[in-house]
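K.L.:
There's a structure below that I have some questions on.
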Amino acid sequence: MRLTRTLRSAACAGAALLLAAACDSSGSTSATGLNPPDLKAPTKLGRTEGQVDLIAWAGYVEDGSDDPRVNWVGDFEKQTGCQVHSKVAASSDEMVKLMKTGEYDAVSASGDASLRLIASGDAAPVNTALVPNYKDVFSGLKNGAWNSVNGRMYGIPHGRGANLLMYNTQKVRPAPTSWSAVFEGASKYKGHVTAYDSPIYIADAALYLKATRPELKIKDPYALDQKQFDASVALLKKQNAEVGEYWGDYLKEVSAFKSGDSVVGTTWQVIANLAASEGAEVKAVVPKEGSTGWSDTWMVSSKAKHPNCAYKWLNWIVSPKVNAEVAEYFGEAPANSKACAETSDKNFCAVYHAADEDYWKRIAFWNTPIEQCLDGRTDVKCVPYAKWVQAWTEIKG
């Protein structure tokens, strides 16, 4: 079971983003001129170094110490001779800060961190030919705007998930099909609306406005010029009056939906499953406007002291059996297409839409907002993430 994925602000976030140039939504450098440092990927692997130092989300690097039944590190160490040392990070900002120290070999970065790591030169491009299991990764996770530049992959995809609309089936009627339930229609549930506690949630408002206010001409919810950004912030400030709780811990959201303190708001599939299993009368859907979501990528440090062990880890964590174990424990769709045959719950991949690429085309995966607009525009500047952080504080009051 995944523990939490918080995206609280950090002072280093603003400085890091000042270093970032941009890429367009296809990952190309041509439209907006992202020019990462000219770092080279290895052409071959050498002898393993005996250890690997990782930064990861909770639940990604399990060695049996939390639960003796959950251990995919032990066999890796036995097979490769690479002893795993890992640090759990509580936020993407913390991951960026830790990677800058040069003390870690690889990180399980989400899209709101990966462009920062690429632009600053802290993450190196990867040679996917040295990761045999990469060939079986779902195509929708390859060459994304958040993990590649100009056709060069900067990591190996790990998994993905959508930010869904969850509602109490007894108290929210008719069943909602639009994010309007938590925006324009939120007053019906005043004090019982919940929202994800993160600056990146501004993109959820932008995604809704993209569909409902075409005059704003929003193309990408992570590429907002000042007018588009102000409209998104205004919508969230209005919503704030109806919100009972902003959540960052999945256990608190489960508890709130069980008690009735929350009846409608954003969630993850794993939270919806857990809440339902504990008796909450809930359903979760992708609304008609689509949803935001996250896709994590294992990225190798440009200063890695143990690059050969790091590559061994990248191949191991995306191997079918291990990728299936991580996906079920963490609560996400696996990256490897062969992982679905390895899950203990044979319905798992269907529930998480692992192989449904049409489903994922409706998901706008987290990306790093930067001044050079990710949608390719060059006649305006977009609002960088540092200002998203500032605005989030104002939104919550």
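The values are calculated or read from the model by the stated rules, or taken from the named source; none is laboratory data. The shown structure was predicted, so the numbers you read here are calculated from the model rather than taken from an experiment. Here the Cβ is made from the backbone with ideal geometry for all residues, glycine too, and neighbour counts use every protein chain on show.
K.L.:
Report the residue count in the stretch 53-80 for those that are part of a loop (DSSP other than H, G, I, E, B), touching a helix residue (DSSP H, G or I) at 6+ places or on another chain (Cβ under 8 Å) and not aromatic (Phe, Trp, Tyr). Break it down into steps so the answer makes sense when it comes.
P.N.:
Looking only at the stretch 53-80, we keep the residues that are part of a loop (DSSP other than H, G, I, E, B), and these are 57-62, 64-70, 72.
Add one more test, that the residue is touching a helix residue (DSSP H, G or I) at 6+ places or on another chain (Cβ under 8 Å), and what stays is 57, 59-62, 64, 70, 72.
Next, from what is left, pick out any that are not aromatic (Phe, Trp, Tyr): 59, 61-62, 64, 70.
The number of residues fulfilling the criteria is 5.
K.L.:
Select from the stretch 336-366 the residues that are hydroxyl-bearing (Ser, Thr, Tyr), under 20 Å from the mean Cα position of the chain (by Cα) and farther than 21 Å from Pro287 by Cα and list them in ascending order. Spell out how you get there, then give the answer.
P.N.:
Pass one, the stretch 336-366, residues hydroxyl-bearing (Ser, Thr, Tyr): 337, 343-344, 352, 359.
Applying the additional criterion that residues be under 20 Å from the mean Cα position of the chain (by Cα) yields 337, 352, 359.
Selection gives Ser337 alone.
K.L.:
On to the next question. Starting from residues that are part of a loop (DSSP other than H, G, I, E, B) and out of contact with any Ser or Thr (no Cβ under 9 Å at 6 or more places or on another chain), keep the ones in the stretch 371-393 and report whichever is surrounded by the fewest Cβ atoms within 10 Å (Cβ to Cβ). Even if it seems obvious, please write down each step before you answer.
P.N.:
Applying the first criterion (part of a loop (DSSP other than H, G, I, E, B)) to the stretch 371-393 yields 371-381, 383-384.
Narrowing further to those that are out of contact with any Ser or Thr (no Cβ under 9 Å at 6 or more places or on another chain): 371, 379-381, 383.
Details: Glu371: 18, Asp379: 6, Val380: 13, Lys381: 13, Val383: 24.
Checking each candidate, the answer is Asp379.
K.L.:
Among the residues of the stretch 81-99, what is the count of those that are modelled with pLDDT under 95 and not in a helix (DSSP H, G or I)?
P.N.:
Residues meeting the conditions: 2.
K.L.:
OK, next. With the requirement that a residue be small (Gly, Ala, Ser) and closer than 17 Å to Trp360 by Cα, what does the stretch 119-152 give you? Outline the logic, then answer.
P.N.:
Step one: of the stretch 119-152, the residues small (Gly, Ala, Ser) are 119-121, 123-124, 129, 139-140, 144-145, 148, 151.
Correct list: Ser139, Gly140, Gly144, Ala145.
K.L.:
Examine the stretch 87-110 for a residue that is surrounded by fewer than 20 Cβ atoms within 10 Å (Cβ to Cβ), aliphatic (A, V, I, L, M) and over 20 Å from the mean Cα position of the chain (by Cα), and state whether such a residue exists.
P.N.:
Within the stretch 87-110 (the criterion being surrounded by fewer than 20 Cβ atoms within 10 Å (Cβ to Cβ), aliphatic (A, V, I, L, M) and over 20 Å from the mean Cα position of the chain (by Cα)), the answer is no, since none of the residues qualifies.
K.L.:
Residues to consider are Gly161, Gly185; find the one that is in contact (Cβ under 8 Å) with a residue 60 or more places away in the chain and over 25 Å from Gln390 (Cα atoms). It would help to see each step written out before you state the result.
P.N.:
Values: Gly185 fails: in contact (Cβ under 8 Å) with a residue 60 or more places away in the chain.
Step by step, each of Gly161, Gly185 is checked, and only Gly161 is in contact (Cβ under 8 Å) with a residue 60 or more places away in the chain and over 25 Å from Gln390 (Cα atoms).
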